[in-house]
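The values are calculated or read from the model by the stated rules, or taken from the named source; none is laboratory data. If you're wondering where the values come from, they're calculated on a predicted model, not measured in any experiment. Reconstructed Cβ throughout: ideal geometry from the backbone, glycine too, with neighbour counts over all protein chains shown. For the accessible areas, the whole protein counts, side chains as well, though only heavy atoms, and no ligand, DNA or RNA atoms are used. Shrake-Rupley method; radii C 1.70, N 1.55, O 1.52, S 1.80 Å.
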Amino acid sequence: MVLTSLVPWYQPRSYRNTNLAGITVPETLPLRAEIEPQERTAAHEDHDPELDMKEHYVTGKDYDLGEGEITRIIHTLLCNKLIPLGNLSYGADKKGQLVLLLSHTLGRFIFPLLVPFEDKLHRLYQRIRKR
Amino acid sequence: MKIRQFYSIDKLVRAGRALADTGIDTVTFDLFDTLLVRRIHDPDMVKPAVARYISNRAARLGLRKSWPYILKLRNTFEKEQRAATGQRFVDQEARYPDYMGRVIETVFGPQNDDTLLQEVTAYELSLENAVLVPRAELVAWLRELKAQGKRVLIVSDIYLPASHLERLVEHAGFLEQVDAVISSADSFLAKASGLAYPLLQERFGLDYSRWLHIGDNPISDGLRPTEQGIQALVLRDGKEKFRKSLLKRYCNYSLGQHFYRGRALQQIMLPLEAENLPRHPLYVKGFNVFAPLFSAFIQGVAEHCLRTGIKRLYFFSREGWLFEQLWREIAPRLYAGAELPQVSYLYVSRMALAPASCALAGLDREHADIVFLPAGNRDFRDVCRVFGLQAEPFLPYLAQHELTVETVLSPVHEGFIPENRIRLNEMLEEEEGFQEEVRRQTLAANQALQLYLEEQGFFAQPDVALVDIGWLGTIQRFLHRAVAHRPDAPRCHGLLFGASRGIAYPETPRNQVKGVLYDRDRFDLAASAMLANLDLFEEICRAPHPTLNAYRLADNAAGYELVFRRDDDAAAQAEQAHSEHFRPLQEGILAGAKQYGTANALLGFTFAELKSWLNYLLLTRLAFPKASEIEEIRHQQHLDDFHGQHQSKVRRDPNKLWQRSSFALRWRPFLRTELFFRQLRERLKH
């Protein structure tokens, strides 16, 4: 609030997408307007073009949910050991968490390197498994 | 014999383009994992969902056949056909209509025609279409080849005949660019043995030396065509393998650890290829956070209705607008073949129902107490506003009890004296004239409401499910009170997203509410995180139409009319601007819901199995959110006509994380933990 009064052109981040002026209210609002998913609507044009330029993808390059979901999961499950957060159904085992963390962070680099040797690695894995 | 393998699509397409310019006149593509990729790592994941569909269809005819039994039948018959085919052909292929027809006959008995088989096939293909995603770069190259005048064929080793594959390709949007689709299920000659290629050569008069084949299997799509002299390019996409390995890991973990079930489901939901476009950050939040929450809520509602046999379901306005859309996306997919309740959207509101609820029972103390729950309501004028009453006829009764219309009756306002509230309660209980006047003034609203409900078929079923966001069940309370006198009034099963139960709900066998995601009567600490910001959920789900103000008798064919709030004043315009701000979020929720329906149809998780993951989402996004997440989504305008305009003594709640400043959110250490412990104390106290 202080910053806004001192620097009039400063807009808090939460308001950057708002276009309170210039909104045209239709004469009759549709009672059962349906929104088509996955289509860019006029609402996108009203928003801050900077945000349109910035790339926010639902599926990131590491195939995680948004940014760093796996670290958030690990953090939450660790906190659940220290303070009662609620029913997270015994959480998840640590080894699995570590494997997933490594998979999400390093997988997109490692897999393309290992794919040429997929058959050999698979035979090695089967041999180790049998032992 | 060296097979040309490529580990990325763009390198393959580059090599393919170079080859295509060297006299190639025919290009054949493998279909699955080449032109189309599956969201799931194992194609067999579709089979249990189809088995559940058949089981549901059988149940509707009174046949009790479990889906594992049907799945076992399918696998057995397919295996038998493969063994039989293997005795005549090198490839042990199967044909879907043949063995699925046997399954249907075994489950349902002999059939006069193949209608049921076609319906089962249609369902399986619709599931396949939902999990298949065109590989954008390869499809673009395919179109380019066709435009250059090349012959383009698709050839696949699979149990689905070519006619079915064509439907998949058509759904993917490039059937017109394909000259023919060939399946091993029609001829029992597969690429795996190499016999499919001579078959194609003979059928289409192809020249091996001018033929290019693209696929993903080093043997079927690499070695075998090369043996015939066909140029073959094999795609071994490391990123695809990475994606599938992650999903396989989540699915395997979810078998033993319920926490991962929701995570595995969201992994399948992720958009791929051309679906994964740059989006507004609120869209991403809607897809990843609120879509699973609301979709799971809808699933919980559907489970309740199917378990209790409820045939009629109403979504209350205005949040029910989004819920109804989610239902239409999710329920038919999750419970395909089952008899789902008929759904409708009901225009209701506290302001419209409050007067109607007093027409027969009058205004009692309990309902007067509800008026003073919002901090903005202060005196008898607010009581009149909420219940649609004219104050003048009540002045003598107020005067008899030493009250005026301006007497402060709410404890959160200056000048409140407890004795005044006692006098109000005495007046409500003792003055029959007062109650007569209340009934007289509100009768018309009640009659209009009953006409509306009759038109909506509300009284036609013995049980109805009423779905609302929450939080006290006030709307259902008023609604039930307004119609309870009728002999045909149904039993009302209220299903709320969250039941905070700030005031006791008058539960009876004919009128019950239950919180699906959160219910205070069931101690659930993690889910109680939603109490950190209840308004947020209302704003996200808000319909793009004004709130209902009243039911009014009218001189038209229906006999009533619905009176909506005006949409041209400053508050309504601010609300509309706010709704525009949340539009990307709603788009993300609807897109996510569509994927949720498909993903959970495949996985078959119940609401209870997903609860721990939903608790995690509520905890991390509402009780322990990042500062940027709060700033991005924090509500700006919450319109509540039930809430009066008076300024109360109540200041900003220090326990509300979402009302803290950005500075505090970013820099105050352990703020979230501190507020979470305060909330824990509140939950334990109550």
Would the stretch B:29-51 turn up any residue that is more than 27 Å from B:L272 (Cα to Cα), open to solvent by 20 Å² or more (accessible area, probe 1.4 Å) and either of a type outside the set (G, A, S) or assigned to a helix (DSSP H, G or I) (or both)?
no
Just wondering, is there one or more residues in the stretch B:208-228 that are touching a helix residue (DSSP H, G or I) at 6+ places or on another chain (Cβ under 8 Å) and of a type in the set (D, E)?
no
Checking the condition farther than 30 Å from B:E275 by Cα, aliphatic (A, V, I, L, M) and within 11 Å of another protein chain (Cβ to nearest Cβ), which residue from B:A532, B:A527, B:A593 passes?
B:A527
Contact list, first residue from the stretch B:653-682 and among the charged types (D, E, K, R), second anywhere and not in a helix (DSSP H, G or I), beta-carbon distance below 7 Å, six or more apart or interchain, is B:R672/B:F624; B:R678/B:N655
Note down all Cβ pairs under 9 Å where the first residue falls in the stretch B:229-248 and is of a type in the set (S, T, Y), the second is at pLDDT 95 or above and in a strand (DSSP E or B), and they're at least six residues apart or on different chains.
none
Any residue in the stretch B:263-285 that is more than 8 Å from chain A (Cβ to nearest Cβ) sitting within a Cβ distance under 6 Å of a residue that is among the small types (G, A, S)? List the pairs, counting only those 6 or more apart or interchain.
B:A264/B:S254; B:L265/B:A599; B:I268/B:A599; B:M269/B:A599; B:E273/B:A136; B:A274/B:A136
Scan the stretch A:112-131 for residues that are open to solvent by 60 Å² or more (accessible area, probe 1.4 Å) and facing chain B (nearest Cβ under 10 Å) and jot them down.
A:L113, A:L114, A:E118, A:D119
Out of B:A499, B:A489, sole residue that is closer than 26 Å to B:G309 by Cβ and surrounded by 22 or more Cβ atoms within 10 Å (Cβ to Cβ)
B:A499
If you go through the stretch B:414-448 one residue at a time, how many are assigned to a helix (DSSP H, G or I), touching a residue at least 60 places away in the same chain (Cβ under 8 Å) and farther than 30 Å from B:L548 by Cβ?
1
What about B:D42, is it of a type in the set (D, E, K, R) and more than 15 Å from B:L127 (Cβ to Cβ)?
no
Please tell me if B:Q257 is over 19 Å from B:P584 (Cα atoms), at pLDDT 95 or above and open to solvent by 10 Å² or more (accessible area, probe 1.4 Å).
no
Subset of the stretch B:422-457 (residues that are within 45 Å of the chain's Cα centre (by Cα), closer than 13 Å to B:A368 by Cα and surrounded by fewer than 21 Cβ atoms within 10 Å (Cβ to Cβ))
B:N425, B:Q435
A:A42 passes all but one of (1) modelled with pLDDT of 50 or more; (2) under 26 Å from the mean Cα position of the chain (by Cα); (3) more than 7 Å from every other protein chain (Cβ to nearest Cβ); which number fails?
(1)
Among the residues in the stretch B:89-100, are any under 22 Å from B:R60 (Cα atoms) and open to solvent by 40 Å² or more (accessible area, probe 1.4 Å)?
no
Among residues of the stretch B:640-667 being modelled with pLDDT under 90 and among the charged types (D, E, K, R), the residue surrounded by the fewest Cβ atoms within 10 Å (Cβ to Cβ) is B:R651
Of the conditions (1) open to solvent by less than 30 Å² (accessible area, probe 1.4 Å); (2) within 18 Å of B:Y551 (Cα to Cα), B:I469 satisfies every one except a single condition; which number is it?
(2)
Qualifying positions in the stretch A:55-77 - at pLDDT below 90 and more than 8 Å from chain B (Cβ to nearest Cβ)
A:G60, A:K61, A:E67, A:G68
Right, A:V115: closer than 19 Å to B:R261 by Cβ and among the aliphatic types (A, V, I, L, M) or not?
no
Could we say that B:S55 is touching a residue at least 40 places away in the same chain (Cβ under 8 Å), under 30 Å from B:E170 (Cβ atoms), outside the structural domain of B:N217 (by TED's automatic domain parsing) and hydroxyl-bearing (S, T, Y) here?
yes
Residues (within 14 Å of chain A (Cβ to nearest Cβ), touching a residue at least 40 places away in the same chain (Cβ under 8 Å) and open to solvent by 20 Å² or more (accessible area, probe 1.4 Å)) located in the stretch B:1-28:
B:I3, B:R4, B:Q5, B:F6, B:Y7, B:S8, B:D10
Answer yes or no: is there a residue in the stretch B:600-607 that is crowded, with 18+ Cβ neighbours inside 10 Å, of a type outside the set (D, E), facing another protein chain (nearest Cβ under 10 Å) and assigned to a helix (DSSP H, G or I).
no
